[in-house]
1. Apply the Karplus curve 6.51 cos²θ - 1.76 cosθ + 1.60, θ = phi - 60°, to the phi angles in segment 251-267 and return the couplings in whole Hz, x for Gly and Pro.
2. Which loop-located trypsin sites (Lys or Arg not before Pro) does segment 185-224 contain, where loop means any DSSP state but H, G, I, E or B and the Cβ has at most 14 other Cβ atoms within 10 Å?
3. Suppose every Lys and Arg Cβ carries +1 and every Asp and Glu Cβ carries -1, with no other charges. What dipole size does segment 186-289 come out with about its Cα centre, to the nearest 20 debye?
4. With unit charges on the beta carbon (Lys/Arg positive, Asp/Glu negative), name the residue among G159, V267, V91 whose Cα is farthest towards the positive pole of the charge dipole of the chain.
5. Quick one: of K177/K250; K106/K248; K177/K248, which pairs are farther than 24 Å apart, Cα to Cα?
6. In deg cm²/dmol and to the nearest 500, what is the mean residue ellipticity at 222 nm of the chain if only DSSP H runs of at least 4 residues count, each as -39500 (n - 2.57), divided by the residue total?
7. Across 10 Å bins from 0, what is the distribution of all Cα-Cα pair distances for segment 8-288, in whole percents?
8. Would you compute the Debye intensity of segment 25-122 from its alpha-carbon atoms alone, equal scatterers and no solvent, and pass along log10 I(q)/I(0) at q = 0.19 Å⁻¹ to two decimals?
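What follows draws every value from the coordinates through simple rules; no lab data is involved. Computed from a prediction, not measured in an experiment: that's the story for all the values here. No Cβ is skipped: glycine too gets one built from the backbone with ideal geometry, and neighbour counts run over all protein chains shown.
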Amino acid sequence: MTCGGASPVLQIVHHLSMRNPTPSGPMQLPATWNASAPGYAEYMVTHAAMYAERALEIVPLRPTDNVLDVAAGPGSLAFVAAPRAAHVLAVDFADGMVEQIRTRAKRDGVSNVEARVMDAQSLDLPEGSFDAAFCMFGFMFFPDRMRAFRELCRVLRPGGRALVATWAPIERRPLMKVGFDSLAEALPGLPPLTKGDLQQSDECVREMTGGGFRDVAAQVFTASMHVDSAEHYLRVMERAGGPFLALKKKLGADAWAQVEARLLDAVRRRIPEGGTDLAAEAILTVGTR
C-alpha cells in the first residue's frame, strides 16, 4: 500500500466524549488548546516527556535525522528529540502551543527546534522530507484521521518511521479517571463518559495501516504523575486539562465557581492526604513508509 494524497452542560460533555467528532467540537478547536497552553507547559511537560522518551526508544534517531513532531503541544517530544537529531520541526494548529515552543527554545538556547502553526490533516510540507515523525496524543482529536495518517506517511522518506501515541481506555488511566469521575459526582446530570477513539491496539494498527504504513505494530506504555493533594490535582486539570477548560468556558465563571466547590470535594474523596501517584496507560503505534 502506498501513501495517499489523500442544558449547556450536557452539550459540552457530548462534544468532549470524542465519539464521532466534528470540527466544531471544543477539543478540535485551537482556542481550547490556546487556553491550556500555559498550564500544559507548566504542569504536564515532565509527565509527557516520559512517553516521549519511550517513543524515542522505539524509534531511535540518528544525528543526521530530520524529525517531524505533529500536534506538538508545547514541544514535549520535540525537546527530548532535539539533542539526538539534526533538526526537529514541531507543528500544532494552536498558535498558543507554538508560542510556548518558541519561547522555550529561545530560553534554553535550543537552535535545532523550529515551530510552525500547521494542520495535521494538511501538512504544508514537501513529500518525503523527514526521516522520522511522531504524534503524541493528537490523533484522537483529528476530524479526519485517515487524511492525517496519509499526510504523516506522505512527508516521510521511504523507509522512514512514524510513531503515534494515543490513550488507552479510561479504566487504565487513573490520572484522568479521577477527574471524570469527580465531574460526574459534582454534576450528576452528566452522561457517562463514552468510549473514545484509538483506545484499542487493533484499532490503532488498522487505521495506521489504512493510512499507507506497513509493518505496523502497537505496544502499551504506562507512566505516572505525582499529585501532592486534591487541590494540586484540580489546579492541574483546570489549567492544563482541555476538557476542564472547555467545560469551564461553556458554563461561565459564576456557574463554574459553584461546580468547582463540589468538584474539589469529589476529588478529595479520591486523592489521599499526602498525595498519590496516578498512572496513565498509552498505546504507542509505529509504522514504516
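1. 6, x, 4, 5, 5, 5, 4, 5, 5, 4, 5, 5, 5, 4, 4, 5, 5
2. Here the sparse-neighbourhood loop sites are K195.
3. On the way: 13 positive and 14 negative charges, 59 e Å.
That gives a dipole near 280 debye.
4. G159
5. Over 24 Å Cα-Cα: K106/K248.
6. Working: 11 runs with 127 residues, N = 289.
The helix-only estimate for the chain comes to -13500 deg cm²/dmol at 222 nm.
7. 7, 29, 37, 20, 6, 0
8. Debye output, listed in q order: -0.88.
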